[in-house]
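First the structure, then my questions, so here it is.
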Amino acid sequence: MKTQNYINSEFVNPIQDNWLENYNPAIGEIYGQIPNSTKEDVEKAYEAAEKAFPSWSNTSLEERSKILSKIADLILEKLDFLATAESKDNGKPISLAKQVDIPRAASNFQFFANAITQFSSEAHESVGLGAVNFTLRQPIGVVGCISPWNLPLYLFTWKIAPAIASGNCVVAKPSEITPMTAYLLGEICNEAGLPKGVLNIVHGLGTTTGQAIVEHPNIKAISFTGGTKTGAHIAKVAAPMFKKLSLELGGKNPNIIFADCDYDKMLATTIRSSFANQGQICLCGSRILVEETIYEKFKKDFIQKVSELKVGNPSDSETNIGALVSKQHLEKVKNYIDIVAQEGGEILFGGNRVTVKDCENGYYLQPTIIEVTNNDCRLNQEEIFGPVVTIMSFKTDKEALTLANDTKYGLSAILWTNKLNRTMQFSKQLQTGIVWVNTWMLRDLRTPFGGAKESGVGREGGFEALRFFTEPKNICIQY
Ligand code: NAD
């Protein structure tokens, strides 16, 4: 099957008729082709977006809101179909795609359909000077949205929905590794009546198609989610062009467990925060830090629970852990497992590839627990982004906090405790954009979302996203 670019509401082949292969990770086989788009394709997408902008930016908020709501409804109507496509393209369990990825993609549109009708700007009266200032929040124009492979439609729409809700037109690129649901979104947008050129989707490699979006002189803002290295490169290209940038990057998140926590809830949640989506969620708690007094008990119980997880065909509803997204990514994760002894760690569970019946060439790996004794090792400093966690013990609050912050990343942290003082001390001192206390992945879409340190620049979510996708202009009137 061939996916196509979506430009000006039409499905088109890449200008140079050049194609990339698309793999099904569950069986390790090619199942389709996607456009290997060039600068010329991006230019076509830009032209369509630019042409659509005057009309779309003047479309009433109610009308924009209605169209976004319709897109949300259609995504929910096609939930099973989209979840099946997502699971096949990415390797994630179908149950996860049905419960998380696709409902959240619909929520993204519904949320910003509502939010745009509530978004306001500021006014400042300059008392004593006889003047009043008011701020207009105007759409930027044509903006670029670039997303990764781990939560394909979920993260793609998390950018597109606020961008178009606030009146921009978009040139978007999904990951070349998981293009399918982005392709299917085009049809949904047509069905919902999104005007031509408001959203344009180009497929292709990061280094060519993505780069062309970032380098385009008239694409004035880039919202990017992906790896820290790519984010740094994008910043280097975009900064001298004075583009607005939102960068949502990698993480190495601590999961800090104190003896006074609600143990059963912590254990069940820690299984999810470690291994959901094969550990390929930027928010997964990949460094588990456990208070010494419960360390041995936790270790035993955690290993037992993890051993019960079923690695299997993603389309099987019983599967807990599906396939990793690609052969290359499986090798990257496996390389970390290969250096465990050298880095002073010990594998407590897992570490091996799994052969799944009828899917012998799929990219499966056991959920893996590694015990480490210091935080300096590569296993605790580098983002592995797979079904691999490390565990280590700590004695005091101070030690736990030092360990938690001892990384270049600062995306999120998970804290398990029932002590109020401790909760407040950690909440204030953890160097991350998000802290979850006694929970994980509870997402209220109004809250600011993003990372500190090398986990990113800027915040998405709620009005933060609408602020990013608009340019404030202050008007000062003296009377
Ligand atoms: P990646 O950086 O390799 O790619 C992300 C996207 O950028 C892809 O669409 C890719 O084609 C594109 N890209 C690559 N090079 C580019 C370039 N030079 N110019 C423009 N675009 C380019 O990341 P990935 O491997 O797809 O995703 C995994 C990473 O994403 C992990 O580090 C993970 O932590 C991070 N992530 C972060 C968040 C967050 O919200 N902070 C969410 C999900 C994933």
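Could you list, ordered by first residue, the pairs with Cβ atoms under 6 Å in which the first is in the stretch 309-337 and among the aromatic types (Phe, Trp, Tyr) and the second is within 16 Å of the ligand (Cβ to nearest atom), at least 6 apart or interchain?
Pairs that qualify, where the first residue is among the aromatic types (Phe, Trp, Tyr) and the partner is within 16 Å of the ligand (Cβ to nearest atom), are TYR336/ILE384.
If you go through the stretch 180-205 one residue at a time, how many are crowded, with 21+ Cβ neighbours inside 10 Å and of a type outside the set (Ser, Thr, Tyr)? So that I can check it myself, show each step before the final result.
Pass one, the stretch 180-205, residues crowded, with 21+ Cβ neighbours inside 10 Å: 180-183, 185-186, 188-189, 194, 197-204.
Then drop every residue that is not of a type outside the set (Ser, Thr, Tyr), which leaves 180, 182, 185-186, 188-189, 194, 197-204.
Looking only at that region, the number is 15.
Just need a number here: residues in the stretch 180-206 that are aliphatic (A, V, I, L, M) and either part of a loop (DSSP other than H, G, I, E, B) or modelled with pLDDT under 95 (or both).
Going through the stretch 180-206 one residue at a time, the tally reaches 4.
Can I ask one more? Inside the stretch 152-179, can you point out the residues that are in a helix (DSSP H, G or I) and surrounded by fewer than 24 Cβ atoms within 10 Å (Cβ to Cβ)? Break it down into steps so the answer makes sense when it comes.
Filtering the stretch 152-179 for residues in a helix (DSSP H, G or I) gives 152-165.
The one that is in a helix (DSSP H, G or I) and surrounded by fewer than 24 Cβ atoms within 10 Å (Cβ to Cβ): TYR154.
Quick check on THR319: is it assigned to a helix (DSSP H, G or I) and surrounded by 21 or more Cβ atoms within 10 Å (Cβ to Cβ)? It would help to see each step written out before you state the result.
On the way: assigned to a helix (DSSP H, G or I): no; surrounded by 21 or more Cβ atoms within 10 Å (Cβ to Cβ): yes.
For THR319, the condition - assigned to a helix (DSSP H, G or I) and surrounded by 21 or more Cβ atoms within 10 Å (Cβ to Cβ) - is not met.
Let's see how each residue does on (1) in a loop (DSSP other than H, G, I, E, B); (2) within 14 Å of the ligand (Cβ to nearest atom):
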site: LEU403; (1), (2): no, no
site: THR432; (1), (2): yes, yes
site: ARG443; (1), (2): yes, yes
site: ALA465; (1), (2): no, yes
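Quick check on the stretch 214-224. Is at least one of its residues touching a His at 6+ places or on another chain (Cβ under 9 Å), within 16 Å of the ligand (Cβ to nearest atom) and not in a loop (DSSP other than H, G, I, E, B)?
Scanning the stretch 214-224, I find at least one residue that is touching a His at 6+ places or on another chain (Cβ under 9 Å), within 16 Å of the ligand (Cβ to nearest atom) and not in a loop (DSSP other than H, G, I, E, B), so the answer is yes.
Just to verify a result, which residue in the stretch 257-273, among those that are under 21 Å from THR319 (Cα atoms) and either within 15 Å of the ligand (Cβ to nearest atom) or basic (Lys, Arg) (or both), is surrounded by the most Cβ atoms within 10 Å (Cβ to Cβ)?
Going residue by residue through the stretch 257-273, those that are under 21 Å from THR319 (Cα atoms) are 267-273.
Filter again for either within 15 Å of the ligand (Cβ to nearest atom) or basic (Lys, Arg) (or both), leaving 272-273.
On the way: ARG272: 15, SER273: 25.
Residue satisfying both the conditions and the ranking: SER273.
Inside the stretch 37-79, can you point out the residues that are more than 20 Å from VAL171 (Cα to Cα) and in contact with a Lys or Arg (Cβ under 7 Å, 6 or more places away or on another chain)?
LEU79
Further, regarding this structure: Does any residue of the stretch 279-291 turn out to be assigned by the TED database to the domain that holds ALA400, in a helix (DSSP H, G or I) and more than 29 Å from the chain's Cα centre (by Cα)?
Step one: list which residues in the stretch 279-291 are assigned by the TED database to the domain that holds ALA400, which gives 279-291.
Imposing the further condition that a residue be in a helix (DSSP H, G or I) reduces the set to 279.
Keeping just the survivors that are more than 29 Å from the chain's Cα centre (by Cα) gives none.
Within the stretch 279-291, none of the residues are assigned by the TED database to the domain that holds ALA400, in a helix (DSSP H, G or I) and more than 29 Å from the chain's Cα centre (by Cα).
Run THR207 past the list (1) touching a strand residue (DSSP E or B) at 6+ places or on another chain (Cβ under 8 Å); (2) within 15 Å of the ligand (Cβ to nearest atom); (3) under 23 Å from SER455 (Cβ atoms) and report the number of the one that doesn't hold.
THR207 satisfies all of (1) touching a strand residue (DSSP E or B) at 6+ places or on another chain (Cβ under 8 Å); (2) within 15 Å of the ligand (Cβ to nearest atom); (3) under 23 Å from SER455 (Cβ atoms) except (1).
In the stretch 233-256, which residues are assigned to a helix (DSSP H, G or I) and either near the ligand (Cβ under 10 Å from one of its atoms) or not small (Gly, Ala, Ser) (or both)?
Selection gives HIS233, ILE234, LYS236, VAL237, ALA238, PRO240, MET241.
If you take the residues of the stretch 325-342 that are out of contact with any Gly (no Cβ under 6 Å at 6 or more places or on another chain) and crowded, with 18+ Cβ neighbours inside 10 Å, which of them is nearest to ALA26 (Cα to Cα)?
SER326
With the structure loaded, tell me whether GLU399 is in contact with a helix residue (DSSP H, G or I) (Cβ under 7 Å, 6 or more places away or on another chain) and without any contact (Cβ under 8 Å) to a residue 60 or more places away in the chain or whether it fails that test.
Criteria not met by GLU399.
Can you tell me which condition GLU86 does not meet? The list is (1) of a type in the set (Asp, Glu); (2) within 16 Å of the ligand (Cβ to nearest atom); (3) more than 22 Å from the chain's Cα centre (by Cα), and all the others hold.
(3)
The values are calculated or read from the model by the stated rules, or taken from the named source; none is laboratory data. The structure displayed is predicted, hence computed values, not measured ones. Note that we place each Cβ from the backbone using ideal geometry, even for glycine, and neighbour counts take in every protein chain shown.
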